[in-house]
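My structure is below; once you've seen it, I'll send some questions.
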Amino acid sequence: MSGSGIRPDGAAGAKPPATVIAIRDLNLTYATADGPVFALSNVNLDIATGEFVSLIGPSGCGKTTLMRAIADLEQPTSGSLLVDGLSPEEARLGRHYGYVFQAPALYPWRTIERNVMLPLEIMGMKGDERRARARRQLELVNLKGFERKFPWQLSGGMQQRASIARALSFEPKLLLMDEPFGALDEIVRDHLNEELLKLWRATDKTVVFVTHSIQEAVFLSTKIVVMSPRPGRIIDVIDCDFPRDRDLSIRETPEFMAVAHRVREGLRAGHAYVD
């Protein structure tokens, strides 16, 4: 599927989109009492405006570490990493990205609306504008009418949608999602995958998404980055040239299964890198 020259929106021959994330020769090593832990090794990756990019690999391969480096939550040992042409620190301070964690991390004593408004309060935004933005984002994730509920009154899937609304509340260009649906059952996960695609189409955000699920990666992505066991290396980058308005039925097509097979083969091949 890679190198077809056809954009997912069908605009063949269109001007290539701008690069949002540029990673060159990135290495990240943790110093521990038992010696160094090599988390990332020689990572090179470009992510363009409007792409939905999934990072997939075995547990401990550095997927989350790579995302945290993009978010300025981890500091690379060497190499370069630019977000919108800025250092990760500059991008973080400029609020260029929203971050969705594995758990919703909602404050139980705040209503859903007030949880979504929290980043806006920290930014010093006026109350009327905070409420307007929060309600706009809650409507976007299909939580209109739940503004005054508390997190414990919502299902796990609804809580995670609220956390996505919070990440979007200050309208960042980039959405970083660290396996947000991993703890949910398959039925809820499938539903939220479809909802996330609708959200991506509606907002045109650039999304970087960590997952352990091959089906999820293939269904959601315009590009899949396959990583090896630690130290994390990129062993394949796969373009998914599926229509932007796809639904779950695409998982039964030969094209979908062919991409899934390539991801699976990449994950198997990656084990050859184990030290």
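When segment 204-222 is examined, which residues are found to be surrounded by fewer than 16 Cβ atoms within 10 Å (Cβ to Cβ) and on the phi < 0 side of the Ramachandran plot?
His212
Still on this structure, I have one more. I need the full set of residues from segment 71-108 which are under 16 Å from Arg166 (Cα atoms), hydrophobic (A, V, I, L, M, F, W, C) and surrounded by fewer than 17 Cβ atoms within 10 Å (Cβ to Cβ), in order please.
Matches in segment 71-108: Phe101, Ala103, Ala105.
For segment 109-147, which residues satisfy the criterion of being of a type in the set (Lys, Arg) and surrounded by fewer than 19 Cβ atoms within 10 Å (Cβ to Cβ)?
Correct list: Arg110, Arg114, Lys126, Arg131, Arg135, Arg136, Lys144.
Let me ask something else about it. For segment 232-241, indicate whether the set of residues that are in contact (Cβ under 8 Å) with a residue 60 or more places away in the chain, surrounded by fewer than 21 Cβ atoms within 10 Å (Cβ to Cβ) and under 22 Å from Tyr97 (Cβ atoms) is non-empty.
yes
Which residues, counting only those in segment 115-134, are in a helix (DSSP H, G or I) and farther than 17 Å from Gly98 by Cα?
Once the filter is applied, which keeps residues that are in a helix (DSSP H, G or I) and farther than 17 Å from Gly98 by Cα, segment 115-134 yields Gly127, Asp128, Glu129, Arg131, Ala132.
Can you tell me which residues in segment 87-137 are on the phi > 0 side of the Ramachandran plot and in contact with a Ser or Thr (Cβ under 8 Å, 6 or more places away or on another chain)?
Ala105
I'd like the residue in segment 21-32 that is touching an Asp or Glu at 6+ places or on another chain (Cβ under 8 Å) and surrounded by 19 or more Cβ atoms within 10 Å (Cβ to Cβ) and, out of all such residues, is nearest to Lys205 (Cα to Cα).
If we take residues in segment 21-32 being touching an Asp or Glu at 6+ places or on another chain (Cβ under 8 Å) and surrounded by 19 or more Cβ atoms within 10 Å (Cβ to Cβ), then Ile21 is nearest to Lys205 (Cα to Cα).
Quick test for you: out of Gly62, Gly35, Gly50, pick the one residue that is loosely packed, with under 14 Cβ neighbours inside 10 Å and at positive phi.
Within the list Gly62, Gly35, Gly50, the selection yields Gly35.
With respect to Arg262, determine if the residue is within 17 Å of the chain's Cα centre (by Cα) and either in a helix (DSSP H, G or I) or surrounded by fewer than 21 Cβ atoms within 10 Å (Cβ to Cβ) (or both).
In short, no.
Within segment 163-186, track down each residue that is of a type in the set (A, V, I, L, M) and either free of Cβ contacts under 8 Å to residues at least 12 places away in the same chain or buried (at least 20 other Cβ atoms within 10 Å of the Cβ) (or both).
Result: Ile164, Ala165, Ala167, Leu168, Leu174, Leu175, Leu176, Met177.
Report, ordered by the first and then the second residue, all pairs with beta carbons closer than 9 Å, sequence separation of six or more or different chains, a first member in segment 29-49 that is within 29 Å of Ile224 (Cβ to Cβ), and a second member that is among the charged types (D, E, K, R) and surrounded by fewer than 16 Cβ atoms within 10 Å (Cβ to Cβ).
Pairs found: Phe38/Asp275; Asn42/Asp25; Val43/Arg24; Val43/Asp25; Asn44/Arg24; Asn44/Asp25; Leu45/Arg24; Thr49/Asp204.
Yes or no, residue by residue, for (1) farther than 21 Å from Thr64 by Cα; (2) not in a loop (DSSP other than H, G, I, E, B):
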| residue | (1), (2) |
| --- | --- |
| Gly145 | yes, no |
| Lys149 | yes, no |
| Pro172 | no, no |
| Met177 | no, yes |
| Gly182 | no, no |
| Val188 | yes, yes |
| Glu195 | yes, yes |
| Lys198 | yes, yes |
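Bear in mind that the values in this text are calculations on the coordinates, not laboratory data. Nothing here was measured: the structure is a model prediction, and the numbers come from that model. For neighbour counting, all protein chains shown are included, and Cβ atoms are generated from backbone atoms with ideal geometry for every residue, glycine included.
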